[in-house]
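Colleague: Before I ask anything, let me first share the structure, which is written out below as structure tokens.
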Amino acid sequence: MSSVSHNKPKVIIDCDPGIDDAIALVVANHFSEIIGITTVAGNVPLEFTTVNTQSICELLNLDVPIHSGASHAYSKQSVTAEHVHGDTGLGDLLLPKPENKIVSEHADNYLIDITKQENDLTLIALGPLTNIAHAIEKDPAFVSRIKSITLMGGSAYGLGNATASAEFNIFADPEAASIVFNSRAPIKMIGLNLTRQVQMGIEHAKILSENIGNRVSKSVSTLLYSYQNLISSSTGNITVPMHDPCAVLAVTHPEFFTFEKRNVIIELDGIYTRGMTVVDERKSSPPINCDVGYQADSENLISLIVDAASTKN
């Protein structure tokens, strides 16, 4: 693994835990300075994504403000993924009822306020982009106060998982995604075409489960077993992609990723393509609005995830 020394970037994390969100929080806690966390409905309803975030923070001894946010998409519809993450979002992982409290139920206001108070912030978006779109609508200058919005969502090449052409986070709220991509924000897109290159499975879960005395390591092991079991029941896959951890590592370890500047449009109306991220690969494309991730150094990224989960806090 690279021996490059890293200064920890300051990040805000907008998330919807979710198994891979939980692993991403473990990775972010190890490699970044988390200033605050906002929650959004996505993989499971908001009540679960928020409690899961509180519980994971307690597991990590992470004392940061947590603000819950949007409970539904702009369309008022709710798209969830219990078949991938389990009924409450964390598969078979059972954590104690959290004692910490959320600070507010207004994630969008927090995003606006914290970017006025702190400089050099990166916003890492791991779920539907609803909270961020609300913040942009309330304060369009919000996007000028952040280094980037690095998001797990979408895909180049028309790859989908919620539908044949749409990735889940974008499909869950395409209108919000369209607002974000049209906002002139500095965006880095970590899509399915990249995250599917970074696969973990039972082999890694066993390594982590043998780390006696480390609750975080054993918890991530349980998450990996759950993720693999839930996904393989429908796909037969023996490994699972590390979607959300890739978005975190793209901020903390960008040297392991390859990006290209592209124009990306969110399809809102297609019968078969609603929620698709239309990535223009033409040399004479419209104005660039996104750095799209194409390649990931899987071996080094997996080592980083294992290291983050194995190191005692």
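Colleague: Take V248 and tell me if it is under 24 Å from L90 (Cα atoms), of a type in the set (A, V, I, L, M) and in contact (Cβ under 8 Å) with a residue 60 or more places away in the chain.
Modeller: Taking the combined requirement at face value, the residue satisfies it.
Colleague: Test each condition in (1) in a helix (DSSP H, G or I); (2) aliphatic (A, V, I, L, M); (3) at pLDDT below 95 for L159 and report the one that comes out false.
Modeller: (1)
Colleague: Next up: Of the residues T239, T252, T273, only one is under 15 Å from the mean Cα position of the chain (by Cα) and either at pLDDT 95 or above or closer than 23 Å to E299 by Cα (or both); which?
Modeller: T252
Colleague: Quick test for you: out of S183, S232, S178, S221, pick the one residue that is within 20 Å of the chain's Cα centre (by Cα), farther than 23 Å from D14 by Cα and not in a strand (DSSP E or B).
Modeller: Working: S183 fails: farther than 23 Å from D14 by Cα; S232 fails: within 20 Å of the chain's Cα centre (by Cα); S178 fails: farther than 23 Å from D14 by Cα.
Result: S221 is the single residue among S183, S232, S178, S221 that is within 20 Å of the chain's Cα centre (by Cα), farther than 23 Å from D14 by Cα and not in a strand (DSSP E or B).
Colleague: Could I ask something else about it? Residue check: is Q199 modelled with pLDDT of 95 or more and farther than 30 Å from S183 by Cβ?
Modeller: Taking the combined requirement at face value, the residue satisfies it.
Colleague: Right, next: Looking at (1) touching a helix residue (DSSP H, G or I) at 6+ places or on another chain (Cβ under 8 Å); (2) over 24 Å from G158 (Cα atoms); (3) of a type in the set (G, A, S), can you tell me which one A247 breaks?
Modeller: Of the numbered conditions (1) touching a helix residue (DSSP H, G or I) at 6+ places or on another chain (Cβ under 8 Å); (2) over 24 Å from G158 (Cα atoms); (3) of a type in the set (G, A, S), the odd one out for A247 is (2).
Colleague: Restricting attention to the range 186-218, report how many residues are in contact with a helix residue (DSSP H, G or I) (Cβ under 8 Å, 6 or more places away or on another chain), in a loop (DSSP other than H, G, I, E, B) and closer than 30 Å to S148 by Cα.
Modeller: Adding up the residues that qualify gives 3.
Colleague: Can you confirm whether the range 112-120 contains a residue that is more than 21 Å from A176 (Cα to Cα), of a type in the set (A, V, I, L, M) and either touching a residue at least 12 places away in the same chain (Cβ under 8 Å) or touching a Lys or Arg at 6+ places or on another chain (Cβ under 6 Å) (or both)?
Modeller: Of the range 112-120, the ones more than 21 Å from A176 (Cα to Cα) are 116-120.
Filter again for of a type in the set (A, V, I, L, M), leaving none.
No, the range 112-120 contains no residue that is more than 21 Å from A176 (Cα to Cα), of a type in the set (A, V, I, L, M) and either touching a residue at least 12 places away in the same chain (Cβ under 8 Å) or touching a Lys or Arg at 6+ places or on another chain (Cβ under 6 Å) (or both).
Colleague: Only one of (1) at pLDDT below 95; (2) farther than 24 Å from I56 by Cβ; (3) of a type in the set (S, T, Y) is not met by S209, so which one is it?
Modeller: Just one mismatch for S209, condition (2).
Colleague: With the checklist (1) without any contact (Cβ under 8 Å) to a residue 60 or more places away in the chain; (2) under 18 Å from the mean Cα position of the chain (by Cα) in hand, flag the one item T49 doesn't pass.
Modeller: All conditions pass for T49, except number (1).
Colleague: When you scan the range 281-313, how many residues do you find that are modelled with pLDDT of 95 or more and either within 18 Å of the chain's Cα centre (by Cα) or among the acidic types (D, E) (or both)?
Modeller: Residues that pass the stated criteria total 18.
Colleague: Taking the stated definitions as given, is A81 within 27 Å of Y225 (Cβ to Cβ) and either of a type outside the set (K, R) or touching a strand residue (DSSP E or B) at 6+ places or on another chain (Cβ under 6 Å) (or both)?
Modeller: Against the criterion (within 27 Å of Y225 (Cβ to Cβ) and either of a type outside the set (K, R) or touching a strand residue (DSSP E or B) at 6+ places or on another chain (Cβ under 6 Å) (or both)), A81 qualifies.
Colleague: Take the residues in the range 189-231 that are in contact (Cβ under 8 Å) with a residue 60 or more places away in the chain and under 12 Å from I302 (Cα atoms), then tell me which one is surrounded by the fewest Cβ atoms within 10 Å (Cβ to Cβ).
Modeller: Q199
The values are calculated or read from the model by the stated rules, or taken from the named source; none is laboratory data. Computed from a predicted structure; not experimentally measured. Cβ atoms come from the backbone with ideal geometry, glycine included; neighbour counts cover every protein chain shown.
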